[in-house]
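Everything below concerns the one structure shown next.
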Amino acid sequence: MTQTRADRSADLTSGPMLQKIILFSIPLAASSILQLLFNAADVVVVGRFAGSTALAAVGSNGSLINLLVNLFVGLSLGANVVAARCFGAKDEHGIQDTVHTAVTLGLTSGVLLAVVGFFAARSLLELMSCPEDVIGLSALYLKIYFIGMPMNMLYNFSSALLRAVGDTKRPLYCLAAAGIINVVLNLVFVIGFSMSVAGVALATIISETVSACLVTAMLVREKGALHLDLHKLGFHAGALKQILLIGLPAGLQSTVFSLSNVVIQSAINSFGSTVVAGSSASSNLEGFVYTAMNAFAQAAVTFTSQNMGARKYHNLDRVMRNCLLCAVVTGILLGGGAALAGRQLLHFYSSDEAVIAAGYERLWIICGTYLLCGIMDTLASSLRGLGYSVLPMVVSLIGSCLLRLVWIATIFQLNRTPFMLYISYPISWVLTASVHLICLLVVRRKLQKKGQDLQAA
């Protein structure tokens, strides 16, 4: 099979797994952190130079944006799994079909999101009980943000294809360039032109366009099976079916997760703009810990998928154990560090002591227990890499989403405090991770038997 350059693609089915997982995950974590820096730059700049109301307007949009976007980000995960399997099986034709289908799907979903997000922004914020002093700025930010959604989706799908063959470095370089542009434009638009939330939204979509164009140009310049020919964009039925079979359950899970977070955000909104601003700042900090852990969950998907494609079932346990180890260590170090240094970190977002106190109440609960989320995500990703995408979706919907909604409708109503909202997160992580582990053990037993049967044949 013709491959991309040796230093760009990687065989993830042989050699020292722990070393390869770490080398794969570090650029991936750095890429995700850079993406978070887009929003962090937005939050910090408006919090410092446009006030707490603008801070709440930008920060409170996160759960709503995730609700609308996560279904299609799940589809990009499906593209990653399908391309990785084809790469492991040395199926060049399959990779070509997946590349052109994935890029087309990314652009199509981006346009759809742009239309829905732009026209439904204010109505959705009203459904979330967005505070009156914030809703106007929030709606403006959302409308501008969603105009850039085609480029956002193009980046997600294109970078997912590069990750499938082990290339996590070049998407990082693209985001580094875009991140510098984002920070500079934030300062220019907000401080120089006093554009407030409109300025940070505009800076974000310009920088996302840069990163999307760069990473897509890399696919166009590829010489091997990963080459993108813009004249051949379109849907290939076989590749599209496989992407949807794996990606839709993952996307639906993320969407329903986001729905439960929207319900929680609505409850947070009921405490007023100070709590909303503090929660927004804390949530932004939590994102850095989460994406660092989640890099190992994404590694579990890609490594497991390549080994499944190559039929090297004996590697699957090693992949899962090493990814879990890395996620737990990361959660302890970064999550624990964020919990201990929470007040100092929150000062980057606001100088208002009331906002900082509200943010710290959330931060120590979430970050102090975040390793549980890392375990949950890594186990679910291992199941998806094995081809079981519906199973982790069902478990997650019941174990996390439904539990949180029931919690808000019952226990929270008996004691309406932010603490009672936030504590529902670690409780749901423990329950969901436990069931994922049971499911994974059952699936692995089936695969071990399949491997033994292949060896006997």
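Can you pull the percent of the stretch 101-202's accessible area that's carbon plus sulfur, 1.4 Å probe, other chains left in place? Accessible surface attributable to carbon and sulfur in the stretch 101-202 totals 74 percent.
In the stretch 124-177, a dipole from Cβ-located charges (positive for Lys and Arg, negative for Asp and Glu) runs towards its positive end, and of 130, 152, 162 it is 162 whose Cα lies farthest in that direction. Accessible surface computed residue by residue for the stretch 143-218, with neighbouring protein chains in place and a 1.4 Å probe, gives 31 Å² per residue.
Can you give the convex hull volume of the alpha carbon atoms of the stretch 306-457 per residue, in Å³? It would help to have the intermediate numbers written out before the result.
Working: hull volume 17.0 nm³, N = 152.
Output value, Cα hull per residue: 112 Å³.
Measure out, as a whole number of angstrom, how far apart the alpha-carbon centroids of the stretch 212-240 and the stretch 150-201 sit. One Cα centre to the other: 20 Å.
Using alpha carbons only, the radius of gyration of the stretch 17-58 set against its Kirkwood radius gives Rg/Rh = 1.32. Hydrophobic long helices, here whole DSSP H runs in the chain with Kyte-Doolittle means of at least 0.5 and Cα atoms spread over 15 Å or more along the helix axis, are found at 17-49, 62-88, 92-127, 132-147, 169-187, 196-221, 237-269, 316-330, 353-368, 370-385. Ordering of 423-435, 88-100 by packing is 88-100, 423-435, highest average first (other Cβ atoms within 10 Å, averaged per residue). Label point of residue 343 set 7 angstrom out along Cα-Cβ; within the stretch 257-280, amide nitrogens under 18 Å from it belong to 278-279.
Rolling a 1.4 Å probe over the protein heavy atoms gives the stretch 248-370 an accessible area of 34 Å² per residue. In this simple spin-label approximation, residue 329 and residue 405 carry label points 7 Å from Cα along the Cα→Cβ vector, and these lie 3.9 nm apart.
Need one word for the stretch 109-258: rounded, prolate or oblate. Basis is the Cα gyration tensor (sqrt eigenvalues a ≥ b ≥ c); a/c below 1.5 gives rounded, then a/b vs b/c decides.
Values: a/c = 2.52, a/b = 1.40, b/c = 1.80.
Verdict is oblate for the stretch 109-258.
Using just its DSSP H runs of length 4 or more, each adding -39500 (n - 2.57), the chain gives a mean residue ellipticity at 222 nm of -27000 deg cm²/dmol after division by all residues.
For the peptides 255-262, 291-298, 406-413, 334-341, the ranking by mean Cβ contacts within 10 Å, running from highest to lowest, is 291-298, 255-262, 334-341, 406-413. Protein-only accessible surface at a 1.4 angstrom probe places the residues 361, 286, 353 in the order 353, 361, 286, largest first.
Quick one: which of 169-181, 216-228 comes out on top by average Cβ neighbours within 10 Å, and what's the full order, highest first?
Details: 169-181: 19.7, 216-228: 17.8.
So the peptides 169-181, 216-228, ranked by packing, come out 169-181, 216-228.
Our estimate of slack between residue 147 and residue 118, defined as 0.36 nm per intervening residue step minus the Cα-Cα distance, is 9.7 nm. Only the Cβ atoms of Lys and Arg (+1) and of Asp and Glu (-1) were treated as charged; on that basis the dipole of the chain about its Cα centre amounts to roughly 1340 debye.
The separation of the stretch 301-349 from the stretch 256-277, counted between C-alpha centres, amounts to 27 Å. Work out the length of the dipole vector of the stretch 219-359 about its Cα centre, built from +1 on the beta-carbon of each Lys and Arg and -1 on the beta-carbon of each Asp and Glu, and round it to the nearest 20 debye. Dipole size: approximately 740 debye.
In the structure shown, the pairs 169/232; 223/446; 90/241; 20/223 are assessed against 28 Å; a Cα-Cα span above that value is assigned to 223/446.
The values are calculated or read from the model by the stated rules, or taken from the named source; none is laboratory data. None of the values given here were measured: they were computed from a predicted structure. Reconstructed Cβ throughout: ideal geometry from the backbone, glycine too, with neighbour counts over all protein chains shown. We work out accessible area using only protein heavy atoms, side chains counted, and drop any ligands, DNA or RNA first. Shrake-Rupley method; radii C 1.70, N 1.55, O 1.52, S 1.80 Å.
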